[in-house]
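A short write-up of the structure that comes next.
The values are calculated or read from the model by the stated rules, or taken from the named source; none is laboratory data. Here the structure is a predicted model, which is why all the values come from computation and not from measurement. No Cβ is skipped: glycine too gets one built from the backbone with ideal geometry, and neighbour counts run over all protein chains shown.
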Ligand SMILES: Cc1cc2nc3c(=O)[nH]c(=O)nc-3n(C[C@H](O)[C@H](O)[C@H](O)COP(=O)(O)O)c2cc1C
């Protein structure tokens, strides 16, 4: 079972993650993690902070020796390169953020104490942990990909880049939809026997944990509402070479909360960025007077990085289901377990 914790603020000293439960003897180096950290910083429409100030690099503090995991907790540190705002107090509430509910809940008069942790900066720590999970899964030929499907309603890159330019010019922001595809997952990860073991539910929770993600689809997703069953469900076939197989994958690789052996297809929608250069109407937390929402360096659109974060959080959820089924303390043990399961399936 993989467990992880993250700590750190947007403009604090560093982000840290601890990943527990990673088996021993997985080859792992900082570059495996830094590649995805770099991808998280890219994307058309990102603000100046990503381009100029941050170049995220993870330092492995524990759990790895001579390029291999040891089975002990893996601690990671990603230093923050921009910390100058950390001491600046803020009272102008920002609609669409954690500011108001957070200030009331934690009894704060300085919104900085809320936004520093609520910021999507924390997702760098998630991506680092996700990169390790991806590396583990890739050893078993399970791979995770992502792509942006639409931004601001436009489905072509050229069109959405234009929309992002226009939104930037107007002091506005955009959201969109990204898709995650997982190939190579064996049949039977996750389970129908209890609600918290359903893999579709765990994927949805993982994706919804990304700030600004407001909906998740599996396979045909919401479009099924307008379809008849005969056009939705993936019929089952069998022959000696392939065993059981399907000709369609409308279920998105998940049936009964379990992988069905087909590619897993997930989509998530991200709301438009909440900080607008042309500020929204708001209220000052302390004076209670009308004001404009605070504007700090902000992205115009962050769907591309959200897709990279999506890969990471989904990787952790899948690695968990994988280890639940094939779990062992070392890579050798897991390889033996999965080989035995594959043999068992062939004999059924
Ligand atoms: C990669 C990424 C980057 C983001 N960048 C910003 C940003 O620059 N400005 C902003 O206002 N919100 C940004 N957000 C969204 C906010 O973090 C999010 O909307 C806010 O924390 C409130 O959470 P909620 O939308 O889930 O309710 C970003 C989200 C992600 C995933």
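Annotations for the structure displayed:
- Among the residues of region 163-185, the one identified as without any contact (Cβ under 8 Å) to a residue 24 or more places away in the chain and either outside any helix (DSSP H, G or I) or in contact with a strand residue (DSSP E or B) (Cβ under 8 Å, 6 or more places away or on another chain) (or both) is 163.
- Test: residue in region 113-123 that is free of Cβ contacts under 8 Å to residues at least 12 places away in the same chain and touching a helix residue (DSSP H, G or I) at 6+ places or on another chain (Cβ under 6 Å): no
- Single match in 168, 205 (criterion: within 16 Å of the ligand (Cβ to nearest atom) and within 18 Å of the chain's Cα centre (by Cα)): 205
- Filter result for the condition that a residue is over 15 Å from residue 306 (Cβ atoms) and crowded, with 21+ Cβ neighbours inside 10 Å, over 219, 184: 219
- Taking the listed residues 37, 61, 76, the one that is on the phi < 0 side of the Ramachandran plot and outside any strand (DSSP E or B) is 37, with no other qualifying.
- Qualifying position, being crowded, with 16+ Cβ neighbours inside 10 Å, under 25 Å from residue 135 (Cα atoms) and within 9 Å of the ligand (Cβ to nearest atom), among 302, 268: 302
- Tally of residues being within 13 Å of the ligand (Cβ to nearest atom) and either buried (at least 16 other Cβ atoms within 10 Å of the Cβ) or in a loop (DSSP other than H, G, I, E, B) (or both) across region 93-129: 24
- Residue within region 234-250 that is closer than 22 Å to residue 151 by Cβ, more than 14 Å from the ligand (Cβ to nearest atom) and either surrounded by fewer than 17 Cβ atoms within 10 Å (Cβ to Cβ) or free of Cβ contacts under 8 Å to residues at least 60 places away in the same chain (or both) present: no
- Residues that are closer than 29 Å to residue 2 by Cβ and within 16 Å of the ligand (Cβ to nearest atom) are absent from region 186-201.
- Residue in region 47-79 that is nearest to the ligand (Cβ to nearest atom), counting only those that are surrounded by 15 or more Cβ atoms within 10 Å (Cβ to Cβ) and modelled with pLDDT under 90: 47
- Among the residues of region 208-233, the ones that are more than 16 Å from the ligand (Cβ to nearest atom), in contact with a strand residue (DSSP E or B) (Cβ under 9 Å, 6 or more places away or on another chain) and not in a loop (DSSP other than H, G, I, E, B) come to 5 in all.
- In region 43-58, the residues that are at positive phi reach residues that are modelled with pLDDT of 85 or more and in a helix (DSSP H, G or I) with C-beta atoms within less than 7 angstrom, at least six apart or across chains, in these pairs: 43/304; 43/305; 45/164.
For every residue, the table says whether it meets (1) more than 22 Å from the chain's Cα centre (by Cα); (2) under 30 Å from residue 325 (Cα atoms).
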| residue | (1), (2) |
| --- | --- |
| 36 | no, yes |
| 42 | no, no |
| 74 | no, yes |
| 93 | yes, no |
